[in-house]
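Undergrad: Right, I'll just put the structure down here and ask away after.
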Amino acid sequence: MIARMFAQDQMNPSERDAQGAYLIDRNGQYFQPILDYLRHGQIICDQHVNLLGIIEEARYYGLEGLIQLIHNNQKEDVMLTRLDVMRILVSSPHMSELRFQGVYLAGMDLSNLDLTNINFKFACLANCNLTNANLSHCLLERADLRHAILDGAKLGSVLAMCADLENASLRNCDFTDPVHGSCNLESANLKGATIEGSAMDGVNLRVANLKFTNMRNCTLIDANMAGANLEGSDLSGSNLKGANLRGANLKDAQLELMMAPIHLTQIDIY
């Protein structure tokens, strides 16, 4: 069954012992639901087992169907509306961290809302309308934001490591925070996203997937894009002064029409 799982989900196999058995160093508490899902296609787990742990294991094994099944179950159990979210925001202290961890909010209209300090880790925000929303200091680690609209959003000090923003729209966003630090998008997936005209000074895009991303006319002063995949991306007109592009994949990337040609000599690409 393990070999079949590797073959079906294109996961890189682990090391094997002398008998050819796979050696997997993972938490056994979350592996039983994985096995049950592979056997009969359903998610079955005890109440004390954290679904976020199962989601993390499913990501490790490449079982996107299991992740979607968990999100669908959550959708059936918790059908929040924009009004529900607004009531929660109004009734909570401004500086408190609200826990929306792992919550299914796909397709919801959250535009123009103050969502600062909210924990959206593992949350499903795919296709959400977050236009002009204030997401400063939010935790978006491993959140699903595919095809979401975040035009004009404030993203200063956001922690979005490994977040999935494929084909998302982030036009004219502000990723900066001069006091607490810029947005952290390390290892995030921004393939095909549109970030045109955004303020991204000091943003961390280390080893992020920026393939075919529209980054025209962005300010990326001192941004860290070391090891990032920028294949086919459009950086025309962007300010890359002091940016770190060491080890980045710049195949077919468009870098012409920079704000000033001198910026090219200040990019760290060695």
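The values are calculated or read from the model by the stated rules, or taken from the named source; none is laboratory data. Note that the coordinates shown come from a computational prediction; the quantities given were computed from them, not determined experimentally. Neighbour counts run over all protein chains shown; Cβ positions are idealised from the backbone, glycine included. Accessible surface is based on the protein model in full, side chains and every heavy atom, while ligands, DNA and RNA are left aside. Shrake-Rupley method; radii C 1.70, N 1.55, O 1.52, S 1.80 Å.
Undergrad: State all residues of the stretch 180-200 that are among the small types (Gly, Ala, Ser), farther than 18 Å from Gly237 by Cβ and modelled with pLDDT of 95 or more; if no residue qualifies, say none.
TA: Hits for the stretch 180-200 are Ser187, Ala188, Gly192.
Undergrad: If I ask for residues that are charged (D, E, K, R), closer than 20 Å to Ile88 by Cβ and part of a loop (DSSP other than H, G, I, E, B), which ones from the stretch 106-163 would you list?
TA: Lys121, the sole residue that qualifies.
Here's the yes/no breakdown for (1) more than 17 Å from Ala148 (Cβ to Cβ); (2) open to solvent by less than 60 Å² (accessible area, probe 1.4 Å); (3) in contact with a Cys (Cβ under 8 Å, 6 or more places away or on another chain):
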position	(1), (2), (3)
Asn172	no, no, no
Phe175	no, yes, yes
Pro178	yes, no, no
Val207	yes, no, no
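Undergrad: Assess whether Ser182 counts as being under 10 Å from the mean Cα position of the chain (by Cα), assigned to a loop (DSSP other than H, G, I, E, B) and among the hydroxyl-bearing types (Ser, Thr, Tyr).
TA: In short, no.
Undergrad: At least 3 residues that are out of contact with any Asp or Glu (no Cβ under 9 Å at 6 or more places or on another chain), modelled with pLDDT of 70 or more and on the phi < 0 side of the Ramachandran plot in each: list the helices (runs of 4 or more DSSP H) lying fully within the stretch 1-88 that qualify.
TA: Correct list: 31-40, 51-61, 64-77.
Undergrad: Show the residue pairs meeting these rules: Cβ distance below 6 Å; 6+ apart or different chains; first residue within the stretch 103-119 and under 22 Å from Leu51 (Cβ atoms); second residue of a type in the set (S, T, N, Q) and open to solvent by 10 Å² or more (accessible area, probe 1.4 Å).
TA: Sorted first by the residue in the stretch 103-119, then by its partner, the pairs are Tyr104/Gln74; Ala106/Asn127; Gly107/Asn127; Asn119/Gln101.
Undergrad: Let me ask something additional. Name the single residue, out of those in the stretch 89-120 being under 13 Å from Leu135 (Cα atoms) and among the charged types (D, E, K, R), that is modelled with the lowest pLDDT.
TA: Glu97
Undergrad: Right, here's the next one. Determine which single condition Thr194 fails, assuming it passes every other condition in (1) among the hydroxyl-bearing types (Ser, Thr, Tyr); (2) free of Cβ contacts under 8 Å to residues at least 40 places away in the same chain; (3) closer than 17 Å to Leu110 by Cα.
TA: It fails just one condition, (3).
Undergrad: Considering only residues that are more than 13 Å from Leu170 (Cα to Cα), open to solvent by less than 10 Å² (accessible area, probe 1.4 Å) and within 18 Å of the chain's Cα centre (by Cα), which ones fall in the stretch 211-232?
TA: The answer is Ala223, Met225, Ala228, Leu230.
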